[in-house]
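Encoded as structure tokens, the structure appears first; notes follow it.
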Amino acid sequence: MIYRLPEISDKSILQEYMQEHYDNKENSVSASLGLPASEYTDWVEKIQRNSLVGDEQWGKSLLYLCFDNNKLIGLLSIRYELPENLTKIYGDIGYGVRPSERNKGYATTMLHYALSVCKEKGMDNVLLGCYKDNLASAATIKKSGGMLVNENDNYKEGRVSQYYSIKL
């Protein structure tokens, strides 16, 4: 897979990616860092800035577009300077795979890449969260060494969230 930051020229492929989620009756798009509610150019600039200098509240982070054979497969968010209070809510890593490409091993590949980046950034442990009813994501996290450490009601969605720790 190829991992890279978004560029201004990616607008149409990201619109297509987002539309596939909406067509699949998904109201939110994992790891998109507010793309649906943002002006596209501002969103790209924010992602680029966060990778270089970070954000006062969120620290430095990476949001990668993940491609296989020139097709956008998913989004991968690596929040490697996230303050502890936000880590406990959002986790250090987030990922999403387009509906037509699920159950093909892409999430596992993306997570393994994210773990290697976190290790390079000096992290020795990461926290990931997923909804309890997202059995595929939980299986991906567990397969990658994740151990359940917490479970609570999600404050936004009224769903139970599970949090897993992975030692690097």
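Laboratory data are not the source of any read-out in this text; all were calculated from the coordinates shown. As the structure is a prediction and not an experimental result, all values here were calculated from the model. All Cβ positions, even for glycine, are placed from backbone atoms using ideal geometry, and neighbour counts span all protein chains on display.
Look at the range 15-25 and say how many of its residues are buried (at least 17 other Cβ atoms within 10 Å of the Cβ) and either in contact with an Asp or Glu (Cβ under 8 Å, 6 or more places away or on another chain) or of a type in the set (Phe, Trp, Tyr) (or both). Summing the residues that are buried (at least 17 other Cβ atoms within 10 Å of the Cβ) and either in contact with an Asp or Glu (Cβ under 8 Å, 6 or more places away or on another chain) or of a type in the set (Phe, Trp, Tyr) (or both) in the range 15-25 gives 1. Take the conditions (1) free of Cβ contacts under 8 Å to residues at least 60 places away in the same chain; (2) closer than 20 Å to Gln19 by Cα; (3) not in a loop (DSSP other than H, G, I, E, B); Ser100 misses just one of them, which is (1).
Screening the candidates Tyr90, Tyr131 for the property of being aromatic (Phe, Trp, Tyr) and surrounded by fewer than 15 Cβ atoms within 10 Å (Cβ to Cβ) yields one hit, Tyr131. The set of residues in the range 1-37 being of a type in the set (S, T, N, Q) and touching a helix residue (DSSP H, G or I) at 6+ places or on another chain (Cβ under 9 Å) consists of Gln15, Asn24, Asn27, Ser28, Ser30, Ser32. Being closer than 28 Å to Tyr22 by Cβ and either within 15 Å of the chain's Cα centre (by Cα) or acidic (Asp, Glu) (or both) is a property that Glu120 lacks.
Conditions (1) within 13 Å of the chain's Cα centre (by Cα); (2) not in a helix (DSSP H, G or I), marked per residue:
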{"residue": "Phe67", "(1), (2)": "no, yes"}
{"residue": "Leu75", "(1), (2)": "yes, yes"}
{"residue": "Tyr80", "(1), (2)": "yes, yes"}
{"residue": "Asn85", "(1), (2)": "no, no"}
{"residue": "Tyr113", "(1), (2)": "yes, no"}
{"residue": "Lys142", "(1), (2)": "no, no"}
{"residue": "Glu151", "(1), (2)": "no, yes"}
{"residue": "Tyr164", "(1), (2)": "no, yes"}
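Annotation note: of Ser116, Ser28, Ser38, the sole residue that is surrounded by fewer than 19 Cβ atoms within 10 Å (Cβ to Cβ), more than 29 Å from Met147 (Cβ to Cβ) and either of a type outside the set (D, E, K, R) or free of Cβ contacts under 8 Å to residues at least 40 places away in the same chain (or both) is Ser38.
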